[in-house]
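Below you'll find the structure, written out as structure tokens, and then a few comments.
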Amino acid sequence: MERRIRALAFVLALVGLASGAASAAEPWPLPPPDACTPSGGRLAPGRPEDATPLPFQPGDVVGIDRVAVLANFLPAFFWQERERFFFDGMRLEIGPCYRDYAPPGFYQDATKAGEGKARLDDEGGLHDYGAGLPFAPARIALDDPQAGLKWLWNVEHRYQGAGFRGRFRLVDLVGRTGRAEPFTGEMFKILLTHRADRPAPKYEAANARGNLWVAGGLFFTPFDAREHAWRQYRHVESMTSARRTDDLHAYLPQWRRVRRISAANTEGLYMPSFSVGVVQSQQLPVAAGGAAGAGGAGAVAGGGAGMAGGGATIQTKRSGFEGLELRPNLYAVRVLGLHDVLAPINLANAVWPANEDRDFGPWGLSFASDRFELRRALVLEATQREAAEASETARMTLYVDLQTLHPLYVATFDTDGEMTNVGVYASRWSEDRPDYPRWPNDPGREVRVLDPAGAAFANLAESGSWRRESWELVSTPPSDDEVKRMISTVQLTKRH
């Protein structure tokens, strides 16, 4: 009962409302759970709107013959590319309306403790932030010229547990039939500072050493990528200095040692990968660029870098985790509004590794044979302040869940305004997993996290695409001793 009361209090604080009706005093209305006749969610923040009857109800199953009923409840860019994401034989189950996925009480407490303290500088940097959401949503006015950037900082610091860790499979696709040998491996991101589960006022994990987070991974397959391992460190200074690059270290078996490589232009989570259709499959381009914004499959600007001693050409293609990590101070951001959408925010059917042969349709991109729930999305448009001349991701339209700020959909556009990538994110709710690992040394602490269980991106610029599956990811951390071991670059060579 106490948890339910805290969750309701968070919802009311989040949107500043006591009913579903939108008004000037309630700019970001969030409907209560199970309210399947919503109002205020049609890209019209702050404008009165009549309740809209839904053309579907929870429990309905939609096949390709009825897919048109979904049109108003999907982003326009996603509907435009629906051939890639819906298919004959699909069975899309309509899930609950606005299920309560509010973060746990300790995160809400941190948000409340820091309310009104965080501020932005003229360059979009974030200062005086503790933990929780930097900017209380009820305090973000519709006419605030910094509203978009405040929301994007909230997205960056949304509740994510302590990060994520687990195995993944990344499948690179070209057109309808061409496909690369899938990559499999393990990946983690451990949050080190601004962690609401850690004691105030530092909110800092052990061994943080001035870093916001550390991420890393290891490839298992294919053979030519096996044993490639890496670590990526993002410093707290990056929140106030957009030019502060990450520290990036990688190990290749042929190198026989760890090398520090350039992280210029790295925004998101780094992962080296093959470039299907561009680089022959037996060659492994070692990425120094990292994911190109939230956009997905485009190569990062910078053209690569030579490695001393006859090393490799540095080029990245896609990470599989695009859009889960952003640098808000690289963008000018505006709020486009609110939109009630159907999204796979809590998958019902397993993906890899629990289900190795799931059908993703002829394009290999569809989560349509699963549960899609009605969610209220916040829609942001973010434009790079200094986009490269030929950037595929100069601008993005990002849909995030209003309650959790977890990404739902994204589209990216090049410097000419042409759409280059369309992506959908799939998640998995911790509270539906009885065996979910608890917090170390505090098994009674709430978890309540959406794990990034999958994603699919259509790369329109190259007629290619990719899909990530990561059904087993968890977002509670291992012990501090294990974290210390994981984040050390020494671990990159210990297995060898």
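Structure summary
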quantity	calculated
Subset tally (residues that are of a type outside the set (D, E, K, R), part of a loop (DSSP other than H, G, I, E, B) and buried (at least 20 other Cβ atoms within 10 Å of the Cβ)) for the range 184-208	7
The range 387-435, subset surrounded by 23 or more Cβ atoms within 10 Å (Cβ to Cβ) and of a type in the set (Asp, Glu), residue nearest to ALA350 (Cα to Cα)	ASP401
Count of the range 432-480 residues which are assigned to a loop (DSSP other than H, G, I, E, B), of a type outside the set (Asp, Glu), within 23 Å of ARG99 (Cα to Cα) and touching a strand residue (DSSP E or B) at 6+ places or on another chain (Cβ under 6 Å)	8
Out of ARG371, ARG334, ARG318, sole residue that is in contact with an Asp or Glu (Cβ under 9 Å, 6 or more places away or on another chain) and modelled with pLDDT under 95	ARG318
Among (1) under 18 Å from LEU170 (Cα atoms); (2) modelled with pLDDT of 95 or more, the one test that VAL449 misses	(1)
Complete set of residues in the range 393-415 that are part of a strand (DSSP E or B), touching a Lys or Arg at 6+ places or on another chain (Cβ under 7 Å) and closer than 30 Å to TYR107 by Cα	ASP401, LEU408
Residue in the range 142-149 that is without any contact (Cβ under 8 Å) to a residue 24 or more places away in the chain and either out of contact with any helix residue (DSSP H, G or I) (no Cβ under 9 Å at 6 or more places or on another chain) or among the β-branched types (Val, Ile, Thr) (or both) present	yes
Residue check for PRO55: at pLDDT below 95 and over 19 Å from LEU30 (Cβ atoms)	yes
Test: residue in the range 121-129 that is over 30 Å from ASN349 (Cβ atoms) and assigned to a helix (DSSP H, G or I)	no
Residue match in the range 372-386 (condition: of a type outside the set (Gly, Ala, Ser), in a strand (DSSP E or B), in contact with a Ser or Thr (Cβ under 6 Å, 6 or more places away or on another chain) and surrounded by 20 or more Cβ atoms within 10 Å (Cβ to Cβ))	no
Which listed residue, of GLU237, GLU227, is out of contact with any strand residue (DSSP E or B) (no Cβ under 6 Å at 6 or more places or on another chain), surrounded by fewer than 19 Cβ atoms within 10 Å (Cβ to Cβ) and modelled with pLDDT of 95 or more	GLU237
Which listed residue is in a loop (DSSP other than H, G, I, E, B) and farther than 28 Å from ASP100 by Cα, from ALA390, ALA348, ALA332	ALA390
Only one of ALA288, ALA308 that is surrounded by 18 or more Cβ atoms within 10 Å (Cβ to Cβ), part of a loop (DSSP other than H, G, I, E, B) and modelled with pLDDT under 90	ALA288
Strands (runs of 3 or more DSSP E) completely within the range 220-266 that count 1 or more residues being under 23 Å from GLU204 (Cβ atoms) and under 25 Å from the mean Cα position of the chain (by Cα)	229-235, 247-251
Residue identified as under 25 Å from THR493 (Cα atoms) and either in contact (Cβ under 8 Å) with a residue 40 or more places away in the chain or in contact with a Phe, Trp or Tyr (Cβ under 7 Å, 6 or more places away or on another chain) (or both) among ALA250, ALA242, ALA200	ALA250
The range 336-352 residues that are farther than 29 Å from ALA141 by Cα, paired with ones that are basic (Lys, Arg) (beta carbon under 6 Å, 6 or more apart)	LEU347/ARG428; ALA348/ARG371; VAL351/ARG358; TRP352/ARG169
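The values are calculated or read from the model by the stated rules, or taken from the named source; none is laboratory data. Since the structure is predicted, the reported quantities are computational estimates derived from the model, not experimental observations. Methodologically, a virtual Cβ is constructed for each residue, glycine included, from the backbone with ideal geometry; neighbour enumeration extends over all protein chains shown.
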